[in-house]
Structure formats: structure tokens, C-alpha cells
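First up is the structure itself, then whatever we jot down about it.
Bear in mind that the values in this text are calculations on the coordinates, not laboratory data. Keep in mind it's a predicted model, so treat the numbers as computed, not measured. Cβ placement follows ideal geometry from the backbone for every residue including glycine, while neighbour counts extend to all protein chains displayed.
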Amino acid sequence: MKNMLKTIVRTALAALLLASAGGAWAQGKEDILDLPLEDLLSLEVTSAARKEQRLKETAASVFVITREDIRRSGVTRIPEALRLAPGVQVSRIDANKWAISTRGFNNQFANMLLVMIDGRTVYSPTISGVYWDAQDTMLEDIDRIEVIRGPGATLWGANAVNGVINIITRNAAETQGGLLVAGAGNEESGYGSLRYGGQLATNVAGRVYLKYNDNDAFWNPKIKSDAGDQWQSLRGGFRVDSDATDRDSWTLQGDAYRSDEHQLANYWADPGDPASAPYAPWYVIPLVDDSVDSRGWNLLGRWEHSFTSGSALTLQAYVDHTRRAEAFSTQVHDTLDLDFQHRFQPLKGHDLVWGFNLRYIRDDFENTFMASIIPDHQDFSLYSLFVQDEIDLMPDRLRLVLGSKFEHNEYTGLEVQPTARLLWLANERTTVWTSVSRAVRTPSRAERSAAIVFLIQPMPDPYPPLLVYGYGNDDFHSEELLAYELGLRYQPRDNLSLDLSLYYHDYDELETLEVHGDAAGIPYLAFDNNLLADSQGAELSVDWQPLEWWRLQLGYSYYRFSSSLSASSSPLGAIAPNGLATPGHQYSLRSLMDLGSDLSLDLWLYHMGAIEQSGYLSGQPVPAYTGFNLRLAWRPRENLELSLIGRDLLDDHHLEFVGESYLMPTEIERSIYAQVRLDF
Amino acid sequence: MSSFSLGGKYLRKGMRRLLLALLLLLPMEPPPAMAVSSEYKLKAALIYKLTRFVEWPRENRTGGSFGICILGRDDFGSALDALESRKVDGLPIRIRRLVQSDAVDSSCQILFVSESKRPFLHSILASLKGRPILTIGDLDGFAEKGGMIEFVRGRQRIGFRINLQQADRAGLKIAAPLLELSTIVETERT
């Protein structure tokens, strides 16, 4: 941790120095404020503004979490901010693990949600899921989080099956100056973020940031004590943006992080190892105080060019390195990604976007008795092409979107993911949309090449214990979805708006773990695609501002799921808990009040229905719970804000989700903390 | 720190690359004066420029500063803060960010009404009627609804729509050269 800290601090200092030097250098140059009015009016604007207006015209189930929403929620990490979006199930497994998904299929390794930070994919190819503990940034520098529920595969690619989460940080030009945020409390033992932004040259702005969080352990109800899941994380990064010329802009950004996490886990001991004798006959080492060492860095560059005709192209490249080490496995991934997009209007009434993507992933594993990936090293490449046309059938009335992604991966070859969407702008206050899309979830490395110990069964003497393994399967192929959606956006009054989406998802070839017997009669499990399922649901959000100083936000989501094993499933049985870890009903009600120009009070009540079966193998039910958060903020000066935040105030501790079988159920504790925010 | 090997090496290499990249930025030639800027940076500059074309009544000049107030969500970020180093008629500009319309007072010479205040635009503008405060906004129909200057975004450029009637009533004088660059509109009857 110390080395990392040193590196980050050194980089930050160097960058700050550069920023201030650049600022001094830039001062002699012409300032935009000195241009005559006529010249200002002739400047072209390139920013993708009017986002909110455009949102009304999107033929998909979209919710945008704004900067203001994040600030007023008082959360300290990205995964917690996602609770703000209706239809997103955020369930905390323990202090450093989250299960997050949209439209069902939630678990510790939830794999149908694609998550991107500034255009960089952050899911792990080993599990096809996201390690949320490693995904964060300075929250105050996030511009918005776009949550797309339902398939987004045409534009975003495979694994955008049930949703896409797009985290977008602000342009460096918008985050100039210094900002310090720091806080402490019972669960949030201490945290602090520091950002400084400066002008590096005319039209070149940059910022650097550092963020540190220290979290206390939650509660383990089985042993009636501390759950041993405390953790610390440190990250730092920079972003430089430039409007280099009339028509070009570019961005260069990077982050580095390291977190030191703890988990109390039950691990298997190797019966073949004489040192394991004390653990016979079950060979379980209980309550191991294991640590997770997670670290990584990334560097991304993006160039955007616009033509006089209104067309634009974007070229983006990034490298991303992650390393995660815990007792049962160490995983290293290096990703290189190149992305190109071109948008133009070939004919009147057509807005065409096409692009291609190349991705190269190299992985490396340190295998253990409990979990191995074979071979332990692999190079994997992926390439794709997409095209989408937005056609004005009737200008400003009726729009049709047709598109498809063609993606090639080394496991399953070519995957075609088309979509058709229709948008009807009925009047100024009413938008109706509908869509049909196909999306796939491609195999993860684990589903193809893992060998994981699932069970050690003691046998009568003189037989050795029986080891039951779960194996990856070379024939495991993609999971498929055909989705039908219908949506309505209605604004009956200026201060009241409503957004409703309904969906029917038809799944095929879903993952199962099939029971087989080998030649010697020893049972084992293997991944296969033998589950058929469908889900129906609704997502509703209502935004009402009854008074200028009072705003209410209501969120509700409904989910129903049914599944059956296909005829080709093993006669010996199969494990298929997919889809059962999402409650039927989720409610959220937020009240945001400005009690004066310097005082605000925000209340947030939410209810999660019961979960039938959480955890892939453990299958534990989770009872319904209701949570209540409160935030009181006082702004004595323009640049200073003091706030007091209480979260999960209704009970001492409650269960939200149960992780995989090596983890013990952990309950989330009431959290109270105070925060100071200073702009300088 | 024994395990800080592979990742560490990459990390240090990565950091070096970042530093190098930052260094490369500095010697870059300044772009031509006609450079494109982000929407709100430009809008901030336009607000500043507008002060040259508007005359406030004498009695309004209380206090030792020129107040530019933002009502509602601040989309300008730090772009507006750059104005604080400038002066209007010898008075230093002071930026104020207001949450609610009842906080608007005589220290505001300009009031920018944010898009976030759309639901309450009518009541906000009604409460300001006749006061010598130049109201500016960029939400659709701002000028017709009784605002004084609306920033409109064309395909790629920004233009003005001015409700002259509204400015006159408040005792503000808008200079002819600005009017020539703008579209003049009237308050719509509701």
C-alpha cells in the first residue's frame, strides 16, 4: 500500500506542478473572454449537450443518475450510487462485495450487465461479471450515470443482455480548481478525496485526483461478531481534455488503484496433503481470515473529429491491467481495446452510426487446490462491427431504429445481435416506444476452463474422501435472449413526469451445472446450457416537484420469473438457481428539500421484497427489508458544505444477500457519518 | 510488499507513461483564435460580453460588486468562476449560486435561470417583474415566457432571442448592436 501511495502522490504532485506551470504559460494567450461578441457567436459548439432532451427521445428504458442525485444521496462509492436508479438491484453481500443487476439474474458474479466507465469495459472476462470493489472514482467528478435496463447489445456488444451501466466523468474543463471531500463515521471509518484541476494550455484542461476509503467490518450473525470484512482502498488518476482545433477534441485519462480487503471464509483443505490431517474428515478450514489484494491501472485516449456536414468520428484506445489475489486464486488480466465510430447522415431523415471494435485480452492465473483454470494462461481476441440507422419515418413524430452488432469471439464464433425500435413522439408531453432485440451472453473463462472443488464427502474407512469437482465445458455456448419492450414517458404537468417500461424476456440456453458420473462412478458437475426461462416485469419512475424547494422521486420495479430444464439436462440432476435472486417488488421513495438557501434535508425510504434463493450454490433465502437514509447538509459559505448522513437507520443490521458458499452470511450495519466538502 | 512485483512493474511503467503524456501536452502550440469550446464555457463568455451591451439604471448600483447569479442547477461548473477576475463598469464580478428564487436580491444584476427551474419558470419570472435584473436562460421558450435574453442553440452555434418589452419594463437598456445580432420576440399570452 505504501509503495502505491508514494507512486500516486508523486504522480499527483508532478501533475499539479505541470498544471500550474501550464497555467502560467497559458496566461499570455488570448482568452475567450476577450473575443468580440460577433466572434463568440460564430464559434461552433461541439459538446453533446441537450442530453436530457434527448433522453425523452430514446427508444429504450433509460434512467440517468445526475451529479446532483449522487451528491444528495451522500454515498461514498459507485456501487452504492446505483441504488438511485429504479430497476437496479443493488444488494450488498458484505462490506467489500456487491451483487448488482437489472431485470434479475443477480448474484456475486452477476454476468448479464455490462458496465463501462468513460467508454472502458470493466467486467472481468473470467467471471463475465464485475468486481465492484475495484470500480470507483472521485464521485464529485462524475457527470452522470446512465442506466439502460434491457438489452443494449447492438450498440454496446455481448453481455449487455439485461442492461448497461455507463459511468461518465466530467470534462476536465468543468472541474477546475481544488476540491476536498472528507468524512468519517462508525462504518465509514474514514474517507477523503482530493482533486485539483488546472488549465495546462489554451484549450487544454487537466485534473488529478486521489481517493482513499477505509471501511469497517459488518456483522456476522452466525458467530455473533464482527464479520472480518473490513477494507481499505486507494486510487488516483488524471484526465486531460482539449478542444484542439475547430473540429477536433481529445481526451487522455488514466487511473491506478489498490485495495486491501478482508473476508472471513470457509475453505477446502487438500485431503492429499498430510498437513490437512487436522481438518479430516470434512476437510473444511473454517473462518479463515483471508485477504483480497486487488489492484490495477488503466490508460485511455480518445479523439473526436466533426465534419462541417454534421458527421463525426471517434477513435478510442485503452489499456487496462487488473490483478486480484485471494486464497483460492490469483487472476491477472491485461486488456487492449481499440474502438472506432462514425456517425453521418447519408440521406435526409437517416442518422447512421457504424463502428468496429478490436479487443485483445491476456490472462494469467495462479491455480490452487480449490480452484484452477486450465490452461492457466490464455490470449483471447474479440472483434466486432455494428451498424445502426435512426430513420425519421415522420419528422418529429415517428422514428425507427434498426441495427445489429456482429461480434466474433474465439469461443463461439460469430454472434449476431440485432434490434428494432420504434419511437412515437405523440405530443410534447408524451412519448411511446417499443422494441424487439436479441442479445447474447458469451461464455466466461470459468465456464470454459475451470476446475473447482465443490464438495468433499467423507467416506467410510478405508476409502479416501470423495472430491466432487465442478468443471468448465468446452461445449458451453452463449446464453441467448429475445426481449420485447414497451415504454411510455408522460409529463402531465411541468413539475410532474412519469417513465414506465414493461418487458418480456425470453431466454434460451441459460447456464446450468449438470451432475454427471465419471467412469469410476465418481460424481462431478459440469457447466452446460440446459435452462429455458422467461421473465416479465415493469419499471416505473415518477418525478414530482410540488414546490420549488421540494422534490419527490418514486421508483418501483416488478419482476416475475419462471424456468424449466430442457430435455437434454442430465438425468442425474442439475443446479440452476439463475433468476431466483431478485425480489418481485422493489420500492424507493426519495424526498429532497431545500430548507433555505444554505440548508437541505434529504430523506430516502426503500423496500426490497424477499429473495427466494440468493447465492449460486448455497441457495439461501433473504427476507424482505426496509431501509431509511437521511442526509442533512449545511452550506455556511459558498465553497463549504458540512453534512451528516445516516444510512440503513431502521435496524442495527440486516441481511441483503448471501454470496457464494465459501462466504458466510453478512449483515449490513447502520451507518452514520459526517462529511465536509470544500472548494478551493 | 513481497507480492508487489508484476502489477507494480506495470504500474510504475504506466505512471511513467502518464507523466510523459502530461509533459507532451505543454509545448503544444496554441490553437487558432477560432477554436471550439464547450457549450457552457461559451455561454459563460457570452454572459460576460452581454454586460457591455446592457445599461442598468443608476439607482441599482448598490454594493461594491457586479453580481451574476445562477438560479438552480449550475451547468457552468468552473467556467463561470473565470469571470470573477473581470470587471463590469469598474466593479469586480461576483458569482452567486442560488438554490431558490426567494434568495434573489438587489446584489444580482444578472440572473441566469437554469433548466432545472423549468417547472417554476412562470412564478420565478413573475416575482422578478419590473426589477432591474437582466434575466438570461437557455430553456426553450425562455424569452416568450417573460425572460429577457434566451440563448438558443442552432445546429452548431449559439444565438440570442431577446424580449425587449420585458427589459424595457425593468428599466434596462439594450444597445442596438446587440439587437442587430438577435431575434426579437414578445411575451406570449397565456
Does anyone have the angle between helix A:2-26 and the longest principal axis of chain A? Alpha-carbon axes, 0 to 90°, nearest 10? 10 degrees
Have a look at B:154, B:111, B:170 and report the one farthest towards the positive end of the charge dipole of region B:39-185, computed about the Cα centre with Cβ charges (Lys/Arg +1, Asp/Glu -1). B:154
What are the GluC sites (Glu not before Pro) within region A:366-472 that DSSP puts in a loop, where the Cβ has at most 15 other Cβ atoms within 10 Å? A:410, A:428
Could you give the Stokes-Einstein D for region B:54-122 in µm² per second, using the C-alpha Kirkwood radius, 10 °C, 1.306 mPa s? 124 µm²/s
In whole Å, how far is the Cα centre of region A:195-252 from that of region A:98-137? 18 Å
Around residue B:160, which amide H atoms from residues at least 5 apart in sequence, or from another chain, sit under 5 Å from its own amide H, with H modelled in the peptide plane? B:152, B:183
Taking a 19 Å limit on the Cα-Cα distance, which of the listed pairs B:117/B:145; B:43/B:87; B:49/B:173; A:56/A:405; B:117/B:173 fall beyond it? A:56/A:405; B:117/B:173
Considering all projection directions equally, how large on average is the shadow of the alpha-carbon convex hull of region B:83-159, in square nanometres? 6.1 nm²
HN-Hα J in Hz across region A:318-323 - Karplus 6.51, -1.76, 1.60, θ = phi - 60°, x for Gly and Pro: 8, 10, 9, 10, 9, 9
Determine ³J(HN,Hα), in whole Hz, for all residues of region B:157-169 in sequence, where each value follows from phi through the Karplus function 6.51 cos²θ - 1.76 cosθ + 1.60 and θ = phi - 60°; x replaces Gly and Pro. 10, 10, x, 10, 10, 10, 9, 5, 3, 5, 5, 4, 4
What nm distance separates the two modelled labels at residue A:33 and residue A:276, each placed 7 Å from Cα along Cα→Cβ? 7.1 nm
Once the dipole of chain A is set up with Lys and Arg at +1 and Asp and Glu at -1 on Cβ about the Cα centre, which of A:283, A:161, A:601 lies farthest towards its positive end? A:601
Packing-based order for A:459-466, B:120-127, using average beta carbon neighbours within 10 Å, highest first: B:120-127, A:459-466
Using each residue's phi in region A:296-310, evaluate 6.51 cos²θ - 1.76 cosθ + 1.60 at θ = phi - 60° and report the 3J(HN,Hα) Karplus result to the nearest Hz, with x for Gly and Pro. x, 8, 8, 9, 9, x, 9, 10, 10, 10, 10, 9, 4, 5, x
Let me know the Kirkwood hydrodynamic radius for chain A, please, with Cα pairs as the basis and the value in Å to one decimal. 26.6 Å
What FRET efficiency comes out for the pair residue A:432/residue A:374, r = Cβ-Cβ distance, R0 = 41 Å, nearest 0.05? 0.20
Please state, as a whole number in µm²/s, the translational diffusion coefficient that the Stokes-Einstein equation yields for region A:576-680 at 10 °C and 1.306 mPa s, with Rh defined as the Kirkwood radius across alpha carbon pairs. 99 µm²/s
Shielding by other protein chains, A:241-252, mean Cβ within 10 Å: 3
How would you classify region B:39-185 from its alpha-carbon gyration tensor, with a ≥ b ≥ c the square roots of the eigenvalues: rounded for a/c under 1.5, else prolate if a/b is greater than b/c, otherwise oblate? rounded
Over all residues in B:119-125, what is the mean tally of Cβ atoms on other chains that come within 10 Å of each residue's Cβ? 3
Log10 I(q)/I(0) at q = 0.22, 0.24 Å⁻¹ for region A:296-376, from Debye over equal alpha-carbon scatterers, is -0.98, -1.06
According to the square roots a ≥ b ≥ c of the eigenvalues of the Cα gyration tensor, what is the shape class of region A:80-202, taking rounded for a/c under 1.5, prolate for a/b larger than b/c otherwise, and oblate for the remainder? oblate
Report the charge-dipole magnitude of region A:2-679 in Debye, nearest 20, computed about the Cα centre from +1 at each Lys and Arg Cβ and -1 at each Asp and Glu Cβ. 1160 debye
